[in-house]
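Undergrad: I'd like to ask you about the structure that follows.
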Amino acid sequence: MTGPADATLASAALCDAVQLHARRAGAEIMAVYAEAFQTRSKADGSPVTWADERAEQLIVPALQALTPGLAVIAEEAASRHVPEVPAGAFWLVDPLDGTREFVARNGEFTVNIALIEAGVPALGVVFVPAQDILYAGVLGQGAWVEAGATRRTIACRRPPAEGLTLACSRSHGDEAAMAAWLQAQPGPPAIAARISAGSSLKFGLIAAGQADIYPRLGPTMEWDTAAGHAVLAAAGGQVSDLQGRPLRYGKPGWRNPHFVARGAG
């Protein structure tokens, strides 16, 4: 496998290797999901389970072996000790994105793994273990979705004439803030339909042409968004802050501003 000194590490071959580890982590998560499990609260009040920890314990050494020398920034370790921003390329991992969905047992939780190069998500894998759906993409090389044994290429759609489909957070919605943001947009944009989904599924829906826009008007961390952002960018979409600047990674404190994910056009 290529090393960290290369101009770019992101490739379809590396992505395929990462997918295997995401699926292995998903199997660990589903083993916990099938049993009674305890939920604890982290310092910031967010929930954590043994599934989050088991998945992270699998993913981190696997990525370290795959790309020796690259830092792996993973949520559970980072929640205990905030890491410094690495100088070069690095991995961002959310071993179980959507822990609230996991606890609610609605199946809308994901394994998120992203490779960051020069502040940009260059490769991403988002695996939905309860549904056996996997989104993946490599910047400049395209995006795809695997459902069961079938893989197909995906791309963002052009905005439909009848109006946009808005992707909304299942557990973190703020209707008042969303309504105010929509009203403030030039137009405002016509919203023809809404889809509610947990975790990084919203990025996948836009990447696959099933939704058009996802405003996130609440707090997120970089590991929450990097993998979905990578898939969306590979499919022709974009993620920007509310001033229209591209969302970047490797920020001090690892916190994102409010942002908007969009499809093509």
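Undergrad: Anything in the range 52-84 that is in a helix (DSSP H, G or I) and either outside the structural domain of Asp94 (by TED's automatic domain parsing) or of a type in the set (Gly, Ala, Ser) (or both)? List them, or say none.
TA: Across the range 52-84, the qualifying residues are Ala55, Ala62, Ala65, Ala77, Ala78, Ser79.
Undergrad: Determine, yes or no, whether Glu84 is free of Cβ contacts under 8 Å to residues at least 40 places away in the same chain and surrounded by fewer than 15 Cβ atoms within 10 Å (Cβ to Cβ).
TA: Numbers: free of Cβ contacts under 8 Å to residues at least 40 places away in the same chain: yes; surrounded by fewer than 15 Cβ atoms within 10 Å (Cβ to Cβ): yes.
So Glu84 fits the description; yes.
Undergrad: Let me ask you something else. Within the range 223-239, track down each residue that is more than 12 Å from Tyr135 (Cα to Cα), of a type in the set (A, V, I, L, M, F, W, C) and not in a helix (DSSP H, G or I).
TA: Val239
Undergrad: While we're here: Within the range 227-249, count every residue that is crowded, with 18+ Cβ neighbours inside 10 Å and closer than 22 Å to Pro83 by Cβ.
TA: So the count comes out to 6.
Undergrad: Note down all Cβ pairs under 7 Å where the first residue falls in the range 183-209 and is on the phi > 0 side of the Ramachandran plot and crowded, with 19+ Cβ neighbours inside 10 Å, the second is among the acidic types (Asp, Glu) and in a strand (DSSP E or B), and they're at least six residues apart or on different chains.
TA: Ser199/Asp97
Undergrad: Which residue out of Arg194, Arg158 is among the charged types (D, E, K, R) and part of a strand (DSSP E or B)?
TA: Going through Arg194, Arg158 in turn, just one is among the charged types (D, E, K, R) and part of a strand (DSSP E or B): Arg194.
Every residue, every condition in (1) at negative phi; (2) modelled with pLDDT of 95 or more, yes or no:
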site	(1), (2)
Ala118	no, yes
Val126	yes, yes
Val145	yes, yes
Glu162	yes, no
Cys168	yes, no
Met178	yes, no
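The values are calculated or read from the model by the stated rules, or taken from the named source; none is laboratory data. On a predicted model such as this, the values are computed, not experimentally measured, just so you know. Note that we place each Cβ from the backbone using ideal geometry, even for glycine, and neighbour counts take in every protein chain shown.
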